[in-house]
Amino acid sequence: MRVVIAGAGSVGRSIARELIRNGHQLLLIDREADGERVAKVPDAAWLQADACELTALTEAGVADCDVVVAATGDDKANLVVSLLAKTEFGVPRTVARVNNPKNEWMFDDAWGVDVAVSTPRLMTALIEEAVSVGDLVRIFEFQQGRAAMVEMTLPAGSPYAGTRVGDIAFPPDTVLTGIIRGGHPIAPSRDDALEPLDELLFITTTDGESDLESMLSPGTRQKREIDD
């Protein structure tokens, strides 16, 4: 897979290293792509340019890439890069970094963003996921406002504890994608039964989140015991 990353700060470089390690072809675009930065990711191709300019994206060969990642520290720049990549070059997938949570509402398909990644939201989700049982936690959004990955630790008092997956009528457009039990991931089948304290991963619409939470965890919040 060929990936172009706009922004070669610490975030962009970290993404590039991981993708290169996984065998993907990388090009980094940055206005400050000097020798020091290039040396930090020597296996990537580099282009010293402003990724918000059409000429730079053309020179980078964005039209032939599979994914564009807008990873600069400037939300305006990330929106412009995503929009140009999608509308001018027809890139199949765009991923954009959200720096300021107040701007998150703009990172949708109207701006050419397929996936918006908000570090504050992810950190909040991980904190909530670590301490609560029975609360639905949004982990990730796909094309904001349309679908999301959510997680819930099933409380012992859930009416669906002990119920076969195949016997549960989840809300519309909701798919149970994984169960984590005792630290081990399970690909759920119709014959698997939910157990108390299972970590359940769903893909659902944002409209269905509250229905899913009310269904699986009616009642009051419980606190998860955390081992020292």
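The table that follows gives values for the structure above.
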item	result
Condition broken by residue 52, with the remaining ones in (1) surrounded by 15 or more Cβ atoms within 10 Å (Cβ to Cβ); (2) in contact with a Lys or Arg (Cβ under 9 Å, 6 or more places away or on another chain); (3) farther than 23 Å from residue 116 by Cβ satisfied	(3)
Test: residue in the range 118-135 that is modelled with pLDDT under 90, part of a strand (DSSP E or B) and surrounded by fewer than 20 Cβ atoms within 10 Å (Cβ to Cβ)	yes
Residue pairs meeting the criteria (Cβ under 6 Å; at least 6 apart or on separate chains; first within 26 Å of residue 118 (Cα to Cα), in the range 146-163; second crowded, with 17+ Cβ neighbours inside 10 Å and basic (Lys, Arg))	148/138; 150/138
Whichever residue in the range 191-208 is open to solvent by 30 Å² or more (accessible area, probe 1.4 Å) and among the acidic types (Asp, Glu) and, among such residues, is farthest from residue 178 (Cα to Cα)	207
Helices (runs of 4 or more DSSP H) fully within the range 32-115 counting 3 or more residues that are touching a Ser or Thr at 6+ places or on another chain (Cβ under 7 Å)	75-87
From the options 9, 61, 23, residue that is of a type outside the set (Ser, Thr, Tyr), on the phi > 0 side of the Ramachandran plot and open to solvent by less than 60 Å² (accessible area, probe 1.4 Å)	61
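The values are calculated or read from the model by the stated rules, or taken from the named source; none is laboratory data. Just so we're clear, the structure is a prediction, and the values are computed from it rather than from any experiment. Ideal geometry is used to build each Cβ from the backbone, glycine not excepted, and the neighbour counts take in all protein chains shown. The protein model used for the area step is the full one, side chains on, heavy atoms only, and it has no ligands, DNA or RNA in it. Shrake-Rupley method; radii C 1.70, N 1.55, O 1.52, S 1.80 Å.
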